[in-house]
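The structure appears below as C-alpha cells.
The values are calculated or read from the model by the stated rules, or taken from the named source; none is laboratory data. Owing to the predicted nature of the structure, the values given are computational and were not obtained by experimental measurement. Cβ atoms come from the backbone with ideal geometry, glycine included; neighbour counts cover every protein chain shown.
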Amino acid sequence: MSLPAPTIRTMIVDDEPLAVERLQMLCAREPRIALVGTATDGEAALRLIEGLKPDLVMLDIAMPLLDGIGVARAVGRMGLRPAVIFVTAFEGFAVEAFDLAAIDYMLKPVAHDRLTRAIDRVETALRHQSPDDAPAVSNEPAPEWADEFWVPHRSELIRIAADQIDRIEAERDYMRLHVGGHSYLLHQTISSLEERLDPQQFVRLHRSHIVRRDHIARLRHDGSGVWFAALVDTTEIRIGRTFLANARAMTGR
C-alpha cells in the first residue's frame, strides 16, 4: 500500500543556510509536508509566498532588513492566509506571534517529534478551513465572538477554548486566564478581551475580573452594600460598584 501524497505545501524562510538545511532534513521525514521553496531574507520570502501561495510558512524571526514578524504582517496585508509556524532561537517573541495568529512557535534546534506536533496543529487548522474561504482581506465579517485563544506557555503556543476559561484576572498589562487548576498569561487589555467574549457566556464583575457565568455559584453581600460573587471553585470575587448592574442583569433583577 503506497503512502498518501504530501498535502501541506510548505515554505522555509531563514537567513541561516544551515538552519534551512536542518529544517529541510526534518521536513523530508514528515510525509505530510511537500516542500515548495525556501528563502533567506524577508523580501524574497514575500515574493515567493505571493507566487507559490503555500499552505504553510516556517518562518525565522531574526533576519536582516525585514524580520519574520514583519513578513507575517505583510503577508496578512497581501490578503494571503498561509499557516505560519515561527522557528526561532528567541523565546521573547511568543506574544507577538500569538497576536499574528501563528499556529505554533518552535525554538531551535527543532526536534522531529516537536515538528510532528506542530504539523498536527497545522493539519487541524487546514482541515477546519473551507477551500472556498476568502483571503484575510475580505468583505466578509469576522466571527463576532472568539471561540479560542492561543497563549504562550514555555516554548509553545497552547490553544484554549473560550468555554474552558473559568475566569480572567487582570495583572498589569497581562490577563491571567484561569482554566481548571491551571492559569496562563495573555498580553492583552481586559477591555479588548471583554469585547471578544460572548456576553451570554461571560460577565465582567470588576475592573480586574471577568467570569464565566456558569462558574458563578451564588452572589452575596456583606451587609454594608458590598457584593461578592462566590464561584464553584470556592473563589470569591468582589463585585465592583460600576459592574453591579451586570450582576443584577444576570439574575434578572
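Looking across 69, 85, 12, one residue alone is modelled with pLDDT of 95 or more and of a type in the set (A, V, I, L, M). It is 12. Filtering region 8-58 to residues that are of a type in the set (Val, Ile, Thr) and out of contact with any helix residue (DSSP H, G or I) (no Cβ under 8 Å at 6 or more places or on another chain) leaves only 20. Note on region 144-170: residues that are exposed (fewer than 14 other Cβ atoms within 10 Å of the Cβ), more than 16 Å from residue 216 (Cα to Cα) and acidic (Asp, Glu) total 3.
Where in region 1-91 are there helices (runs of 4 or more DSSP H), lying wholly inside it, with at least 1 residues that are farther than 18 Å from residue 101 by Cβ? Break it down stepwise before answering.
Working: elements: 17-28, 42-52, 68-77.
Result: 17-28, 42-52.
Quick one: which residue in 208, 224, 192 is within 30 Å of residue 105 (Cα to Cα) and surrounded by fewer than 14 Cβ atoms within 10 Å (Cβ to Cβ)?
Working: 208 fails: surrounded by fewer than 14 Cβ atoms within 10 Å (Cβ to Cβ); 224 fails: within 30 Å of residue 105 (Cα to Cα).
Testing whether each residue is within 30 Å of residue 105 (Cα to Cα) and surrounded by fewer than 14 Cβ atoms within 10 Å (Cβ to Cβ) leaves just 192.
If the requirement is being within 20 Å of residue 101 (Cβ to Cβ) and surrounded by fewer than 19 Cβ atoms within 10 Å (Cβ to Cβ), which of these qualifies: 185, 197?
Values: 197 fails: surrounded by fewer than 19 Cβ atoms within 10 Å (Cβ to Cβ).
Just one listed residue meets the conditions, 185.
Taken as a whole, the condition of being of a type outside the set (D, E, K, R), over 27 Å from the mean Cα position of the chain (by Cα) and at pLDDT below 90 does not apply to residue 240.
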